[in-house]
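Everything below concerns the one structure shown next.
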Amino acid sequence: MFGFVTANRAELTEEEMKRYRAAYCGLCFAIKKGHGNLSRLMLSYDLTFLSMLLSSLYEPDEMSGQSRCLLHPGKPHDFVSTKYSEYAADMTVALGYYKCLDDWNDDKNVLGKAYSELIKGEYKKVKKKWPRQCESIETNIRLLSEAEMRKDPSPDTGANLMGDMMGNLFMVKDDIFKRELYTLGFGMGRFIYLADAAIDFEDDRKKDRYNPLNALNNPTDMKETLENVLGPASDAFERLPLVQDEKILKNIFYSGLWIKYNTKHDS
């Protein structure tokens with residue numbers, strides 16, 4: 001997920017960009033508040049989308065203010081935060097923890113292993129609070145690793161696992177919006193998995209590494225396939241009654257999500 005779910009900043013107004021940064025800083029603030037400064041190293045714009053989406057959908061009370069961060073300690077930054085910033089902070093820790101473990105399992109990344117041990121206690125707190133989401137992360141990442149080890153020839157295997165994991169993260173609770181949120185997360189997860197595989201395909205082939213698109217005729221040109229993958233997610237997204245930050249959210253979903261793929265494909 002990391003690196004895909006970001007805004008196309010060139011298409012945002014100055015005011016929208018200010019709001020987007022404030023939501024990002026709000027997520028950083030929530031991570032610090034809930035899990036300490038060390039966990040802030042996992043901060044990314046990806047989970048900012050989830051925080052803004054859920055906040056727009058459920059309209060909780062919003063807190064705003066200014067805070068300093070580790071990267072910019074001399075200058076305070078505006079932030080906006082809600083209970084869903086806190087949820088996104090928890091999911092940041094959970095995903096970050098398993099990304100570090102995955103880096104260790106794949107490449108024996110010592111730093112990743114060491115960092116996972118440092119935040120293990122925070123992950124346990126998150127798992128106690130959100131057992132369904134964390135069990136989905138654990139199960140799907142394990143199954144993804146197994147699919148990679150056996151060199152599963154079907155790209156749908158991994159794409160569906162990634163989709164299920166993200167669907168469970170988006171579906172924050174059991175209510176009238178759960179189906180749309182799961183469908184949105186599921187489609188975005190499938191898109192990210194397949195787009196990432198297309199981006200990495202040539203490099204994987206040169207290094208003789210497994211890629212889930214190996215069986216396809218032209219795996220680098222996946223635009224039509226990716227558009228179809230996002231079809232149900234787009235329908236679900238449009239059914240959600242979003243008002244606040246709607247333009248920013250649409251920018252991320254319809255434009256920003258494509259930036260990494262388009263940059264690689266057009267280069």
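The values are calculated or read from the model by the stated rules, or taken from the named source; none is laboratory data. What you are looking at is a predicted structure, and each value in this text was computed from that prediction instead of being measured. Cβ atoms come from the backbone with ideal geometry, glycine included; neighbour counts cover every protein chain shown. Remember, those area values only see protein heavy atoms, side chains included, never the ligands or the DNA or RNA. Shrake-Rupley method; radii C 1.70, N 1.55, O 1.52, S 1.80 Å.
Observations
- Solvent-accessible area of Tyr254 with every protein chain in place, 1.4 Å probe, in Å² to the nearest 10: 90 Å²
- Here the extension length gained between Asp203 and Glu59 equals 47.5 nm, from 0.36 nm per residue of separation less the Cα-Cα distance.
- Integer Hz, Karplus 6.51/-1.76/1.60 couplings in order for the range 237-252, x for Gly and Pro: 4, 6, 7, 6, x, 8, 10, 5, 6, 4, 5, 5, 5, 5, 4, 5
- Between His77 and Ser67, Arg68, the built amide H atoms are under 5 Å apart, and every one of these is 5 or more places off in sequence or on another chain.
- Calculated over the chain: convex hull of Cα atoms, volume per residue (Å³): 135 Å³
- Sites Lys124 and Lys173 - FRET efficiency at Förster radius 22 Å, r taken between beta-carbons, to 0.05: 0.55
- The range 10-90: C-alpha gyration tensor shape, a/c 1.5 cut-off, then a/b vs b/c: oblate
- Across all directions, the average projected area of the convex hull around the alpha carbons of the range 139-219 is 5.4 nm².
- C-alpha center-to-center spacing [the range 1-69, the range 238-263] in angstrom: 15 Å
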